[in-house]
Amino acid sequence: MSRILKTASPKENGPLDSRVVVGFYHAHLEYKDQMALRDVSFTVDNGEFLCLTGPSGAGKSSILRLIAMDARPTKGEVIVRGMMSSKMSRRKIPTLRREIGFVFQDFRLLEDRTVEANVEFPQLVVGIGKAQMKKNIMRVLTQVGLWEKRHRYPRQLSGGEQQRVAIARAMVNSPKILLADEPTGNLDPVTAQDIINLLFRINDGGTCVVFSTHDHRIVKTFGQRVIVVDDGKIKSDIKRTRDTNRNFSLTDRMYEPEAPQTGPKSRPESETMHA
Ligand SMILES: Nc1ncnc2c1ncn2[C@@H]1O[C@H](COP(=O)(O)OP(=O)(O)OP(=O)(O)O)[C@@H](O)[C@H]1O
Ligand SMILES: [Mg+2]
């Protein structure tokens, strides 16, 4: 049975299944005059590393926005860590936001604050004690390799470093799910590789990672589970069961000429289609 059919109803594979951290159940999203998502159903298990891809305007950011409950489905249901979009009250939003870290493509750092103050900010919102706050800042800035640059302002950092600050900020409250919208969007191959490696490390620590990308080479090299979105619908949902791709180097591949098509044998043996 396909994954999509299996997840058609929240009752069958929904909040009661503790492995499921995100569930879309026939979700539609319509902006004022624009249908962005149509009948989208899939679930994400705890600890998954999921890549959303598809052409511009396909609905990738819309899916991420629904997970963050920054938008609600106009039809259907989205359930995140047991919280249902249809029953989400304003009061519950901070609880949800603590479970989710969001990395925006354009970083959205506070330009008039240092790296350290940017990372401190989400903790002020949830009200953590000062000592714990300092520990958390040190932990995440060390993890992204920017502890030494904590007193700098965003404009004094490279694009890749700013992206790493955005990731540190998203991770500082130890979310269960990290959402990243085109985290390698404007970066060169070496820096993109750094960011992907960082996402892998975060995922190895147990955080579920969902990110979007346009880059076919990133999808081919690192996509352990890839959902292709097209025209607001899920076109395919592919899972590679063999954990091969964490050792590849994107930079080597990016400077290699594209391999000639050698037929179906060139496809990883364990690749399975779920949709
Ligand atoms: N705030 C909005 N108001 C109206 N329409 C919107 C809004 N945001 C997105 N859309 C539309 O919804 C559709 C899906 O947009 P979305 O941003 O999810 O695509 P995407 O796959 O992330 O594209 P890109 O790769 O360019 O970032 C598009 O047709 C877009 O024009
Ligand atoms: Mg987008």
Under 5 Å, built H, 5+ apart or other chain: amide partners of Gln105: Asp181
Segment 47-115, dipole about Cα centre (Lys/Arg Cβ +1, Asp/Glu Cβ -1), debye to the nearest 20: 440 debye
Residues whose placed amide H lies under 5 Å from that of Asp230, excluding near-sequence neighbours: Lys235
Euclidean distance of C-alpha centroids, segment 168-192 and segment 41-119, integer Å: 13 Å
Net charge, Gly205 excluded, C-beta distance under 12 Å - Lys, Arg +1, Asp, Glu -1: +2
Only Lys, Arg (+1) and Asp, Glu (-1) charged, at Cβ; segment 107-174 dipole about Cα centre in debye: 140 debye
Separation in nanometres of the label points that stand 7 Å from Cα toward Cβ, at Lys32 and Lys75: 2.2 nm
Members of Lys87/Lys135; Lys87/Lys239; Lys87/Lys176; Lys87/Lys134 lying beyond 23 Å, as alpha-carbon distances in this model show: Lys87/Lys135; Lys87/Lys239; Lys87/Lys134
Theoretical gain in end-to-end length, Asn186 to Gln156 [0.36 nm per residue, Cα-Cα removed]: 9.1 nm
Karplus-derived 3J(HN,Hα), 6.51/-1.76/1.60, for each residue of segment 157-174, Hz, glycine and proline x: 10, 6, x, x, 5, 4, 4, 5, 5, 4, 5, 4, 4, 5, 9, 5, 8, 6
Radius of gyration and maximum dimension Dmax of segment 107-174, Cα, Å: 10.7, 31
Cα→Cβ-extended label distance, 7 Å offset, between Lys130 and Leu110, nm: 1.7 nm
Relative contact order (%) - segment 107-174, alpha-carbon pairs under 8 angstrom, separation at least six: 52 percent
Peptides ranked, highest mean first, by Cβ atoms within 10 Å: ranges 126-134, 232-240, 220-228: 220-228, 232-240, 126-134
Amide H within-cut-off set for Leu178, under 5 Å, with H built and near neighbours excluded: Gly101, Cys208, Val209, Val210
For segment 157-200, size of Cβ-based charge dipole, Lys and Arg +1, Asp and Glu -1, in debye: 240 debye
Footprinting exposure proxy for Ile63, Ile167 (fewest neighbouring C-beta atoms within 10 Å first): Ile167, Ile63
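Taken together, the values in this text are just the output of simple stated rules run on the coordinates, not laboratory data. All of these numbers come straight from a predicted model, not from anything done at the bench. Every residue, glycine among them, receives a Cβ derived from its backbone with ideal geometry; neighbour counts consider all protein chains shown.
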